[in-house]
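Working notes for the structure below.
FYI, it's all coordinate maths here, none of it is from the lab. As the structure is a prediction and not an experimental result, all values here were calculated from the model. Neighbour counts run over all protein chains shown; Cβ positions are idealised from the backbone, glycine included.
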Ligand SMILES: Nc1ncnc2c1ncn2[C@@H]1O[C@H](COP(=O)(O)OP(=O)(O)OP(=O)(O)O)[C@@H](O)[C@H]1O
Ligand SMILES: [Mg+2]
């Protein structure tokens, strides 16, 4: 579904991705693991067309996206939930939820979204999206891209800094949307959480993908993983 | 004669009305500047020239095509708005990747070129533009005579400012604009064509200036420098209201027009500087302006 080859990316003069390569198949949940600064977020931003300069190949459903602007990549069916969540303070909670346009049929309707995230329904009247708690903002950031009909979701550290109950809720949500046929590329630092949702894990280091571990081999690869992640 | 604070009432109310009229223009121009600043991140120094072009468009429509005031009130903003769109697409949009200073320099240069061209063709003496028949005359309010056209200007400005505010704050399109002002990259990543939104915003801001220009045509003579007389004050108002704040621009525009009018009554010597005095005081205590958002 998504095939990345020889991906290079730069911020100004600094060369951050050095030929990253991996693929995500339809219906999979795949994680990118790696230390701080390994280039995980930059990989997602490169797929979305949000880095100043990128090279290589990003094929989505067979179409090359490396030269496309972000709005075309989104309309091809990829949706992005950024690390900093990107909730708009000048928009109400409902406006935030309805902001991303529907680009294809097959997205979740509001009733389903509110069933997945009951808190959002309670907070729907909030005048500024940024008045929500961190956990609620994260749910809103995920919820709003489920509506759009994009079937490929890029989630950047959705569990970062959140309380365990909320992490569990986000885990349930990811399994639920996988069951509904969504494909997810998930950036995670927390591999214990990643193990509960993912099919495969890619490990990034210094802007390259250095290993791939299927989820069922994760527990037997612990030594290697500790080594990679420095934990 | 009725006196208020030792001032004859007709004089006081007359100046208040003049202040309100100026305030109406300040508000419309500051609003357009604010919207443009929010989306394009440039200070549109061509705003005064585009306001002047709006007035000239009305004059030209009448002179050469016999098209009257009310159709011009719609046509001129459309024509000048389209001109703004062409400017944005061909020139201004090339500068977004550079420092904001370049946008400022470009629009400043554009203003000089536009005003120079109009001065060249039409001279700087100014052309009269008659008040439309339907809005001529005055009514006696008891304490003062109220010229109908001036009342119309204030009402039209209030309606247009309020409508603009409502579109931005209360509609779906407005939500996209606000989001794109806050984080354009992410809004693009949702599949929204932000460059097109920016072009439309510039066109609308320019159309607002042209609308104000048509309203101004019968009050001030239509001349190439008419924008210059306003625009310095309008920049001060945008700063006082808080750069990019919609409501701030509207309220500050009207409010400072009135303050300026009252200063003419009570201390005429300061009337030309009072707005800049207010600017200094506001910036000392509220560096982001009265309605500016904290960073
Ligand atoms: N906007 C930017 N400008 C310049 N350099 C950047 C920018 N964003 C990231 N970098 C650099 O690029 C490298 C990769 O950063 P990236 O954010 O992709 O890492 P990451 O794997 O997501 O890390 P983390 O786990 O901390 O989120 C880092 O060295 C970082 O300092
Ligand atoms: Mg990151």
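I need the Kirkwood Rh of segment B:244-286: take the reciprocal of the average 1/r across all distinct C-alpha pairs and report it in angstrom. Show your work: numbers first, answer last.
Values: mean 1/r = 0.0912 Å⁻¹.
After inverting the mean inverse Cα-Cα distance, the result is 11.0 Å.
Here the convex hull built on the C-alpha positions of segment B:63-186 has a volume of 198 cubic angstrom per residue. Comparing mean-square fluctuations of A:197, A:16, A:184 from a GNM of chain A with C-alpha springs under 10 Å, the top value falls on A:16.
Taking packing as the residue-averaged number of other Cβ atoms within 10 angstrom, the listed peptides B:212-218, A:177-183 run from highest to lowest as B:212-218, A:177-183.
Pairs of Cα atoms nearer than 8 Å and 6+ residues apart set the relative contact order; for chain A it is 28 percent. Scaled against the 2.2 N^0.38 Å expected of a compact globular protein of N residues, the Cα radius of gyration of segment A:91-130 reads 1.20.
Axis angle, to the nearest 10 degrees, between helix A:134-146 and the longest C-alpha principal axis of chain A: 90 degrees. Extents of segment B:150-203, largest first, come to 47, 20, 14 Å (Cα atoms, principal axes, whole angstrom). Counting only other chain Cβ atoms within 10 Å of each residue's Cβ, the peptide A:41-49 averages 1.
To the nearest 0.05, what FRET efficiency results for residue A:57 and residue B:9 with a Förster distance of 60 Å applied to their C-beta separation? My answer for the efficiency is 0.15.
Using 0.36 nm times the number of residues separating residue B:108 and residue B:74, minus their current alpha carbon distance, what extension gain do you get?
Working: separation 34, 0.36 × 34 = 12.24 nm, distance 2.66 nm.
Full extension from residue B:108 to residue B:74 adds 9.6 nm.
Computing FRET efficiency as 1/(1 + (r/R0)^6) for residue A:224 and residue B:89, where r is the C-beta to C-beta distance and R0 is 60 Å, gives about 0.65. Scaling against 2.2 N^0.38 Å puts the C-alpha radius of gyration of segment A:118-180 at 1.12. Springs between Cα atoms under 10 Å define the GNM used for chain A, and in it the highest mean-square fluctuation of A:217, A:33, A:140 occurs at A:217. One Cα centroid belongs to segment A:118-167, the other to segment B:55-113; the line between them spans 42 Å. Taking the longest Cα principal axis of chain A as reference, the axis of helix A:164-179 is set at about 80 degrees.
Using a 10 angstrom cutoff on alpha carbons, build the Gaussian network for chain A and name the most mobile of A:95, A:176, A:71. Looking only at A:95, A:176, A:71, the biggest GNM fluctuation is shown by A:71. When the alpha carbon gyration tensor of segment B:157-295 is reduced to an equivalent ellipsoid, the three semi-axes, largest first, read 31, 20, 12 Å. With the convex hull drawn around the C-alpha atoms of segment A:1-120, the volume per residue stands at 143 Å³.
The mean number of Cβ atoms from other chains found within 10 Å of a Cβ in peptide A:59-72 is 2, as a whole number.
Given only helices, namely DSSP H runs of n ≥ 4 each adding -39500 (n - 2.57), what is the per-residue ellipticity at 222 nm of the protein assembly as shown, to the nearest 500 deg cm²/dmol? Don't jump to the answer; show the numbers that get you there.
Working: 20 runs with 286 residues, N = 526.
Mean residue ellipticity, 222 nm, calculated: -17500 deg cm²/dmol.
Report the paramagnetic label zone for residue A:5: residues of segment A:55-89 whose backbone N is under 16 Å from a point 7 Å from Cα along the Cα-to-Cβ axis. Correct set: A:55-67. Counting Cβ atoms of other protein chains within 10 Å of each residue's Cβ and taking the mean over peptide B:193-202 gives 1. Principal semi-axes of the equivalent ellipsoid, √(5λ) from the alpha carbon gyration tensor of chain A, are 27, 21, 17 Å from largest down.
Averaging 1/r across all pairs of distinct Cα atoms in segment B:209-276 and inverting the result yields a Kirkwood radius of 13.0 Å.
A Förster radius of 25 Å combined with the Cβ-Cβ distance from residue B:276 to residue B:169 puts the calculated FRET efficiency at roughly 0.25.
Given just the C-alpha atoms of chain B, how large is their convex hull per residue in cubic angstrom?
Working: hull volume 42.9 nm³, N = 295.
For chain B, the hull spanned by Cα atoms encloses 145 Å³ per residue.
Computed log10 I(q)/I(0) for segment A:105-231 at 0.11, 0.15, 0.17, 0.19 Å⁻¹: -0.44, -0.76, -0.94, -1.10, from the Debye equation with unit scatterers placed on every C-alpha and solvent omitted.
Quick one: angle between helix B:47-65 and the longest Cα principal axis of chain B, in degrees between 0 and 90, rounded to 10, please. It is inclined by approximately 70 degrees. The stretch between residue A:72 and residue A:130 holds 18.1 nm of extra length on full extension. This uses 0.36 nm per residue minus the Cα-Cα distance.
Semi-axes of the equivalent ellipsoid of the protein assembly as shown are 55, 24, 20 Å, computed as sqrt(5λ) over the eigenvalues of the C-alpha gyration tensor in descending order. Residue ranges B:45-52, A:102-109 sort as B:45-52, A:102-109 when ordered by packing (mean number of other C-beta atoms within 10 Å per residue, highest first).
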